[in-house]
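> Supplied in C-alpha cells, the structure appears directly below.
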Amino acid sequence: MSNAATEKLNDFNADLHIHTVLSPCADLEMSPVNIIREAQRKGLDIIAITDHNASAHCKVTGEIGKEAGIFVIYGIEVTTSEETHCLTYFESLEKLAEFQEIIDNTILKIKNKPKRFGYQVIVDKNENILGDIDWLLLSAVKLSLDEVTEKAHNLGGIVIPAHIDRSMFSLTSQLGFVPPDLQADAYEVSKFSTPEEMISKYPYLRNKTFIRTSDSHYLKDIGSVSTVLRIKSRSFEEIKMAISNTCERKVIINR
C-alpha cells in the first residue's frame, strides 16, 4: 500500500463556482474582498473564482484569501461554441494566463452594453476600479466543448461541465443529453438538483465524480451549498486527486 493511501486526510468545505463583479451578471458587491469576508463567515475553507470567460480577479482574490486563511482556486467559466457553460481550473497564474489568452483569441468580441448586460469592472483589494473589459464576457468562444476540454487538459487543468441539471447553458439544455464520451473530470449540479437525480436520467454517470456549488452571483448565496473535499491539505494537486478519486481522496456532496 502506498504512503499516500495511509496518510491522514482532512475534510475541507468548498464552494467551487463563485462570480465576481467582473462577470456582468454578478452583483456590484461581489468584490474580491467582500467574497473572502463572506466565505469566512460561511465557514468555507476553499473557494474557486470562476468569472465568465475571464480571470482578472483570480490573483487578487487569491492574495486576499491567503491572508484570511482561505485557499482560492484559479478558474474560468467558459461559454463554449455550443453555448454550454464549462468550469475550468488551473494550478498556477501562469497556466491560467495561457488559457485566458486562448479564450481572448477565440471569444466573439461583441461590445458590451453595461446598462443592458451589466458592468465588467476590474478592482483591486481595496475595491478601487482599475478598468473594465469592453467586450461582452457572456459571449461564446469559437471552441467546442471537446476543444475547450482538450486545451484545458493540455495545461494540466481540471474540466467540469457546469450545472448540468439546469434549463439554460447546460449540457442537457443545449445538447439534450450528457455525452457519454466526454473527457470531463467531473460534473457540477446546482443547488436545485442532486447527483442521484442526474444518474437516474443518465445511468452511465454512476461512477463519475460530482460537485455541488452555489454558482454565486450575490454575496448571500456564497456557501449556500457546498462540497466537501477529503484531502491531505489544501493544494491544487490534492484537489485534483479528490476529483479523480485516487489515493482515498474523494469528493463528498453536502446535503
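> Would you work out the charge dipole size for the stretch 52-195 about its Cα centre, treating the Cβ of every Lys and Arg as +1 and the Cβ of every Asp and Glu as -1, and quote it to the nearest 20 debye?
Dipole about the Cα centre, nearest 20: 580 debye.
> Let me test this: with uniform point scatterers at the alpha carbons of the stretch 66-107, what is the Debye-based log₁₀ I(q)/I(0) at q = 0.23 1/Å?
Debye curve over Cα of the stretch 66-107, log10 I(q)/I(0) at q = 0.23 Å⁻¹: -0.81.
> In cubic angstrom, how much convex hull volume per residue do the alpha carbon atoms of the stretch 12-131 span?
109 Å³
> Quick check: pseudo-label points 7 Å beyond the Cα along Cα→Cβ at D181 and I199, how many nm apart are they?
2.5 nm
> Using a simple spin-label model with points 7 Å from Cα along the Cα→Cβ vector, what separation in nm is obtained for S144 and R206?
Inter-label distance under the simple model: 2.9 nm.
> Of all DSSP beta bridges in the chain, what percent run antiparallel (nearest 5)?
If I count the DSSP bridges inside the chain, around 65 percent turn out antiparallel.
> Ignoring solvent entirely, what values of log10 I(q)/I(0) come out of the Debye formula for the stretch 3-253 at 0.10, 0.12 Å⁻¹ when each Cα is a single scatterer?
-0.44, -0.64
> Which order do peptides 184-197, 49-62, 105-118 fall in by mean Cβ count within 10 Å, highest first?
Packing order, densest peptide first, comes out as 49-62, 184-197, 105-118.
> Take every Cα pair under 8 Å in the stretch 108-230 that's 6+ residues apart, average their separations, divide by the length, and report that relative contact order as a whole percent.
15 percent.
> Now a separate question. Just going by the charge dipole of the chain, with Lys and Arg at +1 and Asp and Glu at -1 on Cβ, which of I129, S173, L145 is farthest out on the positive end?
Sorting the options by dipole projection puts first S173.
> Then there is this: Once you charge only the Cβ atoms, +1 for Lys and Arg and -1 for Asp and Glu, what is the size of the charge dipole of the stretch 3-253 about its Cα centre, to the nearest 20 debye?
440 debye
> Still on this structure: Give me the extension gain from K66 to F117: residue separation times 0.36 nm, minus the current Cα-Cα distance, reported in nm with one decimal.
15.2 nm
> Once R0 is set to 35 Å, what does the formula 1/(1 + (r/R0)^6) return for the Cβ-Cβ distance between E248 and K109, expressed as a FRET efficiency to the nearest 0.05?
Calculated transfer efficiency: 0.15.
> May I pose another question? Can you give the calculated 222 nm mean residue ellipticity of the chain, where each DSSP H run of n ≥ 4 adds -39,500 (n - 2.57) and the sum is split over every residue, rounded to the nearest 500 deg cm²/dmol?
Result for the chain: -7500 deg cm²/dmol, rounded to the nearest 500.
> Continuing with the same structure: Assign one of three labels to the stretch 167-209, namely rounded, prolate or oblate, based on the Cα gyration tensor with a ≥ b ≥ c the square roots of its eigenvalues; rounded applies when a/c is under 1.5, prolate when it is not and a/b is larger than b/c, and oblate otherwise.
rounded
> Sticking with this one: Would you work out the relative contact order for the stretch 3-253, in percent, from Cα pairs under 8 angstrom that are 6 or more residues apart?
24 percent
> Could you please state, rounded to a whole Å, how far the C-alpha centre of the stretch 218-232 is from the C-alpha centre of the stretch 20-84?
12 Å
Only the coordinates and a few stated rules stand behind these numbers; no lab work does. The structure presented is a predicted model; accordingly, all values stated were derived computationally and were not measured. Counting neighbours? That spans all protein chains shown, and the Cβs are built from the backbone with ideal geometry, glycine included.
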